[in-house]
Amino acid sequence: MHSSFSRALCALLCACAVNGRVLAQAAPIAEQQVTFVYDSGALANTAASEQVLASHTVRVAHASWIRLRFQMVDLGSASGADQGAFLRITSHADGAVQELHAQHVREWRLTSAYFNGDAVQLDLVAPPGAGPSRVILRNVWIGPQLSPQFNLCGPTDDRLPSSDVRAARLLPYGCSGWMFDDAAHGFITAGHCVLSTAVPNSLLDVAQFNVPKSNAAGVLQHPSPDHQYAIDDTSLQFENGGVGNDWGYFGCFPNPNTGLTPFQAQGACYALAAPPTFNPNEVLRVTGFGTDMTPDPTLNQVQQSHAGPFASFNGTVLRYEVDTTGGNSGSAVSWNSPAGEFAVGVHTHAGCSAAAPFLGNYGTSSQQANWVAARANPRGVCLPTSAVSTYCTAKVNSLGCTPSLGALGAPSASGGAGSFTIRASNLINHKVGLLFYGFMPAAKPFHAGFKCIDAPVKRTPPSSTGGALAGSDCSGVLDYDMGARIASGVDPHLVLGAVVYAQVWSRDPADPTSTNLTGGLRFTIGP
């Protein structure tokens, strides 16, 4: 057995030695790397139905959690990459499941999500005709107990449990992160959480949301793989330059189980703004995943929040009398202004004392120049690109025709009128129709078909489907110039990086509901 705890401990000690009481506040999770060799061999599916080609239990006795690390994964395809074999990993402890297709294996860099308990079932599943496929397991990580690192502003820990859907626990280094309102709803954390001089490789692999309580010994418990996201290394930008110059910016791939991005799944993000002018009467809040072993170990590296006085603001350095501990590095520093709540910085270092004067813990202002420049030049998944795809199921109309929804051109923030047209065809001729759109997908039964967009929904003005002048047939077409709508600014949500879901409704008098519905169209607005 080889322990990587020494690596994490070294990183933590180096971070703590910045200067005096100025302590970088990460909390590397204690983990052990255990050799666990398994080879499924090359297997093909010659049957006429989906088959589990190989199944193996991966167990490390008494482990509090487990994560797989593969040496090689080769997933054979039957009729294209999306139809190929896949890995299915199931926790024995709570039944949590993660499915990894070829794309997800690349995104997760030959690793799995974190699973609670000491055992998982690893299945190699293939559709008919797929193969050959093979998986080789090299080792696993398991999780023992972690000790806390406190830095409180006063004699007591005044943090309270919270459930802010915008905040994530970042592993394996043990930091906090949060989504903000850039085009791709990227993440912010502390720069020393991304890379440390003590550890030459990226310290972050996975962002976890909806984190459950730790066990009675303070050992981390993990959410379902549905709420864990692989971090895109190519998106990482950061600066680990000490107090006032410490920030990180990155993005995550969509979840392989749900297909949703973190923002689509969580439904909210912080609005980023400049810090307020210093006023000791103002209050700042820090929400994150700090260590906490007393008096309730179940709160260890579980989301907690505390607000306290704005202590000082010099250059790019924010200080605030807010309780934090190791693991809070990367937390949002937020301000409830008269206009609403805004994230105004990122928490990075400890500096408070148990007795007055408290002085305050440290964060980096959102207006730090290099951080501003990074946000203006996103990379990897943080860089929006134009994309169009279909989803959901269309309703067959009273003439037996299935309407089709597609697009001409590409969705673009700079394209202007005529650059991107959404077209519904195979509609009943000379009937009223309209396009509606929103920002969350759905597949809800509606008028004997499916409503493919979740509320809130926006509707365009109605128009005629046109088509043949005489008789009733399926020659109707409805075009909508979405490029013009994007360029007009009439909807401030149609901006670079926005992911939009559209559907067309049209009149069908002979149908019992008088309604016909296309399937859905998903598009991402590019540059």
Quick one: in the stretch 453-482, of everything that is touching a residue at least 60 places away in the same chain (Cβ under 8 Å) and more than 19 Å from Asn516 (Cα to Cα), which residue is surrounded by the fewest Cβ atoms within 10 Å (Cβ to Cβ)?
Asp481
Go over the candidates Phe436, Phe450, Phe420 one by one and state the one that is touching a Cys at 6+ places or on another chain (Cβ under 9 Å), among the hydrophobic types (A, V, I, L, M, F, W, C), within 16 Å of Tyr501 (Cα to Cα) and touching a residue at least 24 places away in the same chain (Cβ under 8 Å).
Phe450
Is the stretch 365-374 home to any residue that is crowded, with 18+ Cβ neighbours inside 10 Å, at pLDDT 95 or above, of a type in the set (Phe, Trp, Tyr) and closer than 24 Å to Ala274 by Cα?
yes
Looking at Ala44, Ala96, Ala27, which one is surrounded by 14 or more Cβ atoms within 10 Å (Cβ to Cβ), touching a Ser or Thr at 6+ places or on another chain (Cβ under 6 Å), at pLDDT below 95 and more than 30 Å from Gly244 (Cα to Cα)?
Ala96
For Val73, state whether it is of a type in the set (Val, Ile, Thr), over 25 Å from the mean Cα position of the chain (by Cα) and part of a strand (DSSP E or B).
no
Among Val135, Val105, Val125, the single one that is assigned to a helix (DSSP H, G or I), under 22 Å from Gln83 (Cα atoms) and not small (Gly, Ala, Ser) is Val105
Between a first residue in the stretch 483-500 that is closer than 26 Å to Leu260 by Cα and a second residue that is assigned to a helix (DSSP H, G or I), which pairs have beta carbons less than 6 Å apart while being 6 or more apart in sequence or on different chains?
Leu494/Ile486
Selection count, the stretch 108-122, where residues are among the hydrophobic types (A, V, I, L, M, F, W, C), assigned to a loop (DSSP other than H, G, I, E, B) and surrounded by 19 or more Cβ atoms within 10 Å (Cβ to Cβ):
2
Does Gly259 meet the test of being under 13 Å from the mean Cα position of the chain (by Cα) and farther than 23 Å from Gly290 by Cα?
yes
Checking Pro155 against (1) surrounded by fewer than 24 Cβ atoms within 10 Å (Cβ to Cβ); (2) at pLDDT 95 or above, which test does it fail?
(2)
Tally time: how many residues in the stretch 352-364 are outside any strand (DSSP E or B) and at negative phi?
7
For Pro223, are the conditions met, namely being in contact (Cβ under 8 Å) with a residue 12 or more places away in the chain and either crowded, with 20+ Cβ neighbours inside 10 Å or not assigned by TED's automatic domain parsing to the domain that holds Ala343 (or both)?
no
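The values are calculated or read from the model by the stated rules, or taken from the named source; none is laboratory data. What you are looking at is a predicted structure, and each value in this text was computed from that prediction instead of being measured. Positions of Cβ are backbone-derived with ideal geometry, glycine not excepted, and every protein chain shown enters the neighbour counts.
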